[in-house]
Structures are given as structure tokens and as C-alpha cells.
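This report concerns only the one structure given below.
The values are calculated or read from the model by the stated rules, or taken from the named source; none is laboratory data. All of these numbers come straight from a predicted model, not from anything done at the bench. Reconstructed Cβ throughout: ideal geometry from the backbone, glycine too, with neighbour counts over all protein chains shown.
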Amino acid sequence: MTAIVVVGSLNMDFVVGVDRLPAPGETVLGRDFRMLPGGKGANQACAAAKLATASTQVRMIGRVGYDTFGDHLKAGLSAAGVDVSAVHATRSHPTGVALIPVDASGQNTIVVASGANHALIASEAESMRSVFRGASLVLFQLESPLDTVAAALKIARQEGARTILDPAPALPLSNEILADVDILTPNESEASLLLGLPPQRVFICNAPALARALRERGPAAVVLKLGDQGCFYSDASTEFHCPAVSVTARDTTAAGDVFNAALAVALAEDRPIADALRFANAAAAISVTRLGAQASIPARSDLQN
């Protein structure tokens, strides 16, 4: 049996449907309200567990508060098949929350109050070593403290795991951190920020140059996530475009998380990278046709392979 480990955030999402996203200083009326389990780390763990076969174990490392939200988040992950024995509660912070308006086209904005996710501190990274042991891949995002992510990346590498970093929410990252990343998976805005460029729309024609510039900063491979254009892959020997699956989007909240989890599942099954990216695109496409974060995640049976 192989294992996938996710180091990251757990949040309770407060989702409001709106006709359009508000401009700065503007108030808009919402249509409906839902309280749903989320957090980029928890989303990825849940998606990996739902997409994996019985031969792959999924483990989560994170922090919640001593409150009802934390209990609910852990119970939901456990029910999905995630090992939550390394998700600990802290009395110093409440469980993290995210405020998410979603417009009629499925686009959203997200404000995160990290809460207990801040309690996943770098000095505890060494204690993650036993959780990493035997794992083939470890997934990271940036809703945990950056020094914790940096320390845990090194330890995961020392334990022989491949590391996948979703650099979201977008933050500047040092070359030292990026050197411990095997696969970096930014979207267009995150890629631009990492390269010190203004936000830009990335098209397939300029994706190779952008991906190569990112690889020069340290990661062994880059997957540029390009929304309805699919994704572009680049490593030292291979580059190619993987087209998106055409769907009508209702809610894009967890699409990137589902993509990363599906990619990890496919790689844990030793699939070639092109096949793994097709699997990831298909899983993400299904997720955007459904509402919510973890509620939108497809099961393995929803995909053809």
C-alpha cells in the first residue's frame, strides 16, 4: 500500500450565492447561504481519498480549534476515508473559516480567517516525519505558515516523497523553498506573482516561456493551471499542453484542489504524467459543475478511469 499525505488548512466555508461579485465598497444581496467544509488542505485530502483506490492511504496533517467546526471538519474527512490522526485541536485559536461569494457564472472571491491553521508551527515539522514515512507524495498549499511549509517540504523530501506545491493563496516564495518542490502547480495569477510580473492572461502560446522561467527558480517540474484552456506541463525533458474538459461551470471554489489531489492519486498509481494530467483535468471539470468545495468532489466511479 502506498500513501499520500496532505499538509495544510482546514476551514469551515461560509458560501453565499450572488448575481455578481461586489466591487470594492459595494454591498450586493445574496441569494442563499451554505456552511460547508473546506480549506485547501482538507479539500485536497478529501479529494484524494475519494479518487484513490483501496491500495492508497490518505493522511492529513493540520490544526483545528476546540469547537464544533473543528469536530465537524475532522468527522467529514474521516468519513471520506482520510486518516485524521495528525489533525490536532488547539485551544489558542478557533477553527479557520472562509467567506466565499459565488456569482452566477461560478466565479468566486475568497477571504480566509486562518484561525487554528496558524498553530501548525515550524517547530512541529519534525514530528511530521513519521506521517511522511512510506508516502509516495506529499501535497502542500500556502494557507499554513510559510516557515512551516518550508520545513515540512525538506522533511518530506528526506523521507523520499515527491512534493507537490499549490502556491495558493499567492505569496512570494524564495528559491530555497522552490528548490524542495518536485511539482509546482500555479494558476495564471500565482505564476505571475512568483515571477514578479503584473497579473496577466496566459495563453498556450506563451505558457512554455512562463513555465521555464518558473523552473529556473527551483522546482523540478511545473504544471500551469489555465482554467478552460487546461494545463501546460514542463520539466527538464518534456513539455506539452493538456486540454481541458469542456463543461458549464457552476462553482469553481475547489477546482484547483481537486486537480492537485487527482494528479497525486494518478502519480501514486505510477501513471505517466500525460495520463495523470488528463485524469486531473477530468476530475476538476466534474467538480466545477457542482456547488461547494468538498461537496463538489467526484468519486472515482464518476470518472472513466
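Those strands (runs of 3 or more DSSP E) of region 67-115 in which at least 2 residues are of a type outside the set (Asp, Glu), out of contact with any Gly (no Cβ under 7 Å at 6 or more places or on another chain) and within 20 Å of Val6 (Cα to Cα), considering only elements entirely within it, cover 82-90.
Comparison of Thr248, Thr253 shows that the only residue that is surrounded by 17 or more Cβ atoms within 10 Å (Cβ to Cβ), under 30 Å from Val16 (Cβ atoms) and of a type in the set (Val, Ile, Thr) is Thr253. One residue stands out among those in region 52-76 that are of a type in the set (A, V, I, L, M, F, W, C) and in contact (Cβ under 8 Å) with a residue 40 or more places away in the chain: the one that is nearest to Leu263 (Cα to Cα), which is Ala52. Being among the acidic types (Asp, Glu), touching a helix residue (DSSP H, G or I) at 6+ places or on another chain (Cβ under 6 Å) and either surrounded by 24 or more Cβ atoms within 10 Å (Cβ to Cβ) or within 25 Å of His93 (Cβ to Cβ) (or both): is that true of Asp147 here? Criteria met by Asp147. Quick check on region 47-55. Is at least one of its residues in contact with a Gly (Cβ under 7 Å, 6 or more places away or on another chain) and modelled with pLDDT under 95? The answer is no; no qualifying residue exists. Taking first residues from region 156-178 that are under 26 Å from Val112 (Cα atoms) and partners that are acidic (Asp, Glu) and not in a loop (DSSP other than H, G, I, E, B), the Cβ contacts under 7 Å between residues at least 6 apart in sequence or on separate chains come to Pro167/Glu190; Ala168/Glu190; Ala170/Glu190. Number of residues in region 1-39 that are among the acidic types (Asp, Glu) and in a strand (DSSP E or B) equals 2. Restricted to region 56-102, and to residues there that are among the small types (Gly, Ala, Ser) and at pLDDT below 95, the residue that is farthest from Pro37 (Cα to Cα) is Ser92. When the residues of region 168-193 are narrowed to those that are farther than 22 Å from Ile155 by Cα and small (Gly, Ala, Ser), which ends up surrounded by the most Cβ atoms within 10 Å (Cβ to Cβ)? It comes out as Ala191. The residue that is farthest from the chain's Cα centre (by Cα), counting only those in region 172-206 that are at pLDDT 95 or above and of a type in the set (Ser, Thr, Tyr), is Ser174.
Would you mind finding the one in Asp275, Asp257, Asp251 that is part of a helix (DSSP H, G or I), under 20 Å from Glu143 (Cβ atoms) and of a type in the set (Asp, Glu)? Result: Asp257 is the single residue among Asp275, Asp257, Asp251 that is part of a helix (DSSP H, G or I), under 20 Å from Glu143 (Cβ atoms) and of a type in the set (Asp, Glu). For region 11-62, a residue qualifies if it is within 15 Å of Ala98 (Cα to Cα) and basic (Lys, Arg), and the qualifying residues are Arg34, Lys40. Do we find a residue being acidic (Asp, Glu), within 19 Å of the chain's Cα centre (by Cα), farther than 30 Å from Arg290 by Cβ and at pLDDT 95 or above anywhere in region 150-165? Checked against the condition, which is being acidic (Asp, Glu), within 19 Å of the chain's Cα centre (by Cα), farther than 30 Å from Arg290 by Cβ and at pLDDT 95 or above, region 150-165 yields no hits at all. Leu120 falls short on exactly one of the conditions (1) over 15 Å from the mean Cα position of the chain (by Cα); (2) surrounded by fewer than 24 Cβ atoms within 10 Å (Cβ to Cβ); (3) closer than 27 Å to Thr185 by Cα; (4) in contact (Cβ under 8 Å) with a residue 24 or more places away in the chain, and that condition is (2). Every condition in (1) part of a strand (DSSP E or B); (2) touching a helix residue (DSSP H, G or I) at 6+ places or on another chain (Cβ under 6 Å); (3) closer than 17 Å to Ala266 by Cα is met by Gln57 except one, and the failing one is (2). Within the option set Ile204, Ile297, Ile286, Ile273, being touching a residue at least 24 places away in the same chain (Cβ under 8 Å) and buried (at least 24 other Cβ atoms within 10 Å of the Cβ) holds for one residue only, Ile297.
If you go through region 215-222 one residue at a time, do you hit one that is surrounded by 23 or more Cβ atoms within 10 Å (Cβ to Cβ) and more than 16 Å from Ala47 (Cβ to Cβ)? Yes. When the helices (runs of 4 or more DSSP H) confined to region 120-224 are screened for residues that are closer than 22 Å to Val64 by Cβ, those reaching at least 2 such residues are found at 129-132, 146-158. When the test is whether a residue is of a type in the set (Ser, Thr, Tyr) and touching a Lys or Arg at 6+ places or on another chain (Cβ under 6 Å), Thr90 passes it.
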